[in-house]
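The values are calculated or read from the model by the stated rules, or taken from the named source; none is laboratory data. Everything numeric here is computed off the predicted structure, so don't read it as measured data. With ideal geometry, Cβ positions are generated from the backbone for all residues, glycine too; neighbour counts draw on all protein chains shown.
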Amino acid sequence: MPRPIRFAAAGDIHADDANRDDLARAFRGVDATVDLILLAGDLTTYGQPEQAALLAEICRPLEVPVYAVLGNHDWHCNQVPEIVALLSSAGVRVLDRSWAIEEIDGASVGVVGLKGFIGGFPDSQLPDFGEPLLRQVYAETTDEVDALAAGLEAVAGSDHRIVLLHYSPTASTLEGEPRGIWPFLGTDRLAEPIAEHKPDVVLHGHTHAGTFEGSVGSVPVFNVAVPVIGRDFFVFELDGATVHAAA
Ligand SMILES: [Fe+2]
Ligand SMILES: [Fe+2]
């Protein structure tokens, strides 16, 4: 039986000059108390390389591995390659339609990471129809869903399996957000590979006013956006297929 793992998760940290010291304190506080730190996108406030650089400097000295996905804010200045390079140079593993397996004391932890995208839920779904621009949006989500499925296949043999997203794969964690914007907060098209492969836990952010705990079938889904968790990081323990808040 592989040993349980502890991980600290947060989404929407929105790094900026204004919160640099608070973030540095938060990361230092959780470092070495967990096995992994997972960041569910919106790493920066406006996607400026300077904001990624300050997050990189905060992460550089950390002892534990940090995995991150990008959020929509990280795309805002169209400088994603620069942002990824800055974070990577500080040891942050940015997963973008990709996956990794981390070995922790003999336990393998598969992390599948992607931003996800929009598209809505059963009563508000964007169809693959009409103008090329809208069909392009649909196709972008299709690529995310395909990458999620491929990643889950790749980590199928890992002792623990975690999915890290920015957009939500379920409406169950959106309660609290105005229903009119739900199609822009995620899509249950992302739920299909999750329901099929049943990872141990799914984490996402983006929905600042949503609900902490939801599910896709039997798979627990947590919205770890900082405004939702109400703290710097939420610490989970993953024991077999059971995930719970760490004491
Ligand atoms: Fe955000
Ligand atoms: Fe976001």
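Restricted to region 165-175, and to residues there that are touching a residue at least 40 places away in the same chain (Cβ under 8 Å) and away from ligand 2 (no atom under 14 Å from the Cβ), the residue that is nearest to the chain's Cα centre (by Cα) is P169.
Taken over region 81-99, the criterion of being among the aliphatic types (A, V, I, L, M) and buried (at least 17 other Cβ atoms within 10 Å of the Cβ) is satisfied by I83, V84, L86, L87, A90, V92, V94, L95. Checking V226 against (1) within 15 Å of the chain's Cα centre (by Cα); (2) more than 16 Å from D12 (Cα to Cα), which test does it fail? Of (1) within 15 Å of the chain's Cα centre (by Cα); (2) more than 16 Å from D12 (Cα to Cα), only one is false for V226: (2). Among the residues of region 224-246, those identified as touching a His at 6+ places or on another chain (Cβ under 6 Å) and either within 16 Å of ligand 2 (Cβ to nearest atom) or under 23 Å from E177 (Cα atoms) (or both) are A225, P227. Looking only at residues in region 150-188 that are closer than 28 Å to V66 by Cβ and of a type in the set (F, W, Y), the one that is surrounded by the most Cβ atoms within 10 Å (Cβ to Cβ) is Y167. In region 73-86, the residues that are touching a residue at least 12 places away in the same chain (Cβ under 8 Å) and within 16 Å of ligand 2 (Cβ to nearest atom) reach residues that are among the charged types (D, E, K, R) and part of a helix (DSSP H, G or I) with C-beta atoms within less than 6 angstrom, at least six apart or across chains, in these pairs: I83/D74.
Being over 21 Å from L36 (Cβ atoms), at pLDDT 95 or above and not aromatic (F, W, Y) is a description that applies to E153. State whether the residues of region 209-221 include one that is surrounded by 23 or more Cβ atoms within 10 Å (Cβ to Cβ) and hydroxyl-bearing (S, T, Y). No, the conditions are met nowhere in region 209-221. The residue pairs whose first member lies in region 118-146 and is over 17 Å from P193 (Cα atoms) and surrounded by 14 or more Cβ atoms within 10 Å (Cβ to Cβ), whose second member is modelled with pLDDT of 95 or more and of a type in the set (F, W, Y), and whose beta carbons are closer than 8 Å, counting only pairs six or more residues apart or on different chains, are S124/W182; L126/Y138; R135/F129; V137/F117. Scanning region 1-37 for residues that are touching a helix residue (DSSP H, G or I) at 6+ places or on another chain (Cβ under 9 Å), charged (D, E, K, R) and more than 15 Å from ligand 1 (Cβ to nearest atom) yields D17, R20, R28. Check whether at least one residue in region 187-208 is without any contact (Cβ under 8 Å) to a residue 60 or more places away in the chain and within 13 Å of ligand 1 (Cβ to nearest atom), and report yes or no. Yes, there is a match, as at least one residue in region 187-208 is without any contact (Cβ under 8 Å) to a residue 60 or more places away in the chain and within 13 Å of ligand 1 (Cβ to nearest atom).
Within region 93-109, being free of Cβ contacts under 8 Å to residues at least 40 places away in the same chain and within 19 Å of the chain's Cα centre (by Cα) holds for R93, V94, D96, A100.
Based on this model, can you work out whether A90 counts as more than 16 Å from ligand 2 (Cβ to nearest atom), over 21 Å from E153 (Cβ atoms), at pLDDT 95 or above and among the small types (G, A, S)? Explain how you work it out, then say what you get.
Numbers: more than 16 Å from ligand 2 (Cβ to nearest atom): yes; over 21 Å from E153 (Cβ atoms): yes; at pLDDT 95 or above: yes; among the small types (G, A, S): yes.
Taking the combined requirement at face value, the residue satisfies it.
Scanning region 5-43 for residues that are among the acidic types (D, E) and closer than 17 Å to F222 by Cα, we see that the one that is surrounded by the fewest Cβ atoms within 10 Å (Cβ to Cβ) is D12. Being at pLDDT 95 or above and over 29 Å from Y138 (Cβ atoms) holds for only one residue in F184, F234, F222, and it is F234.
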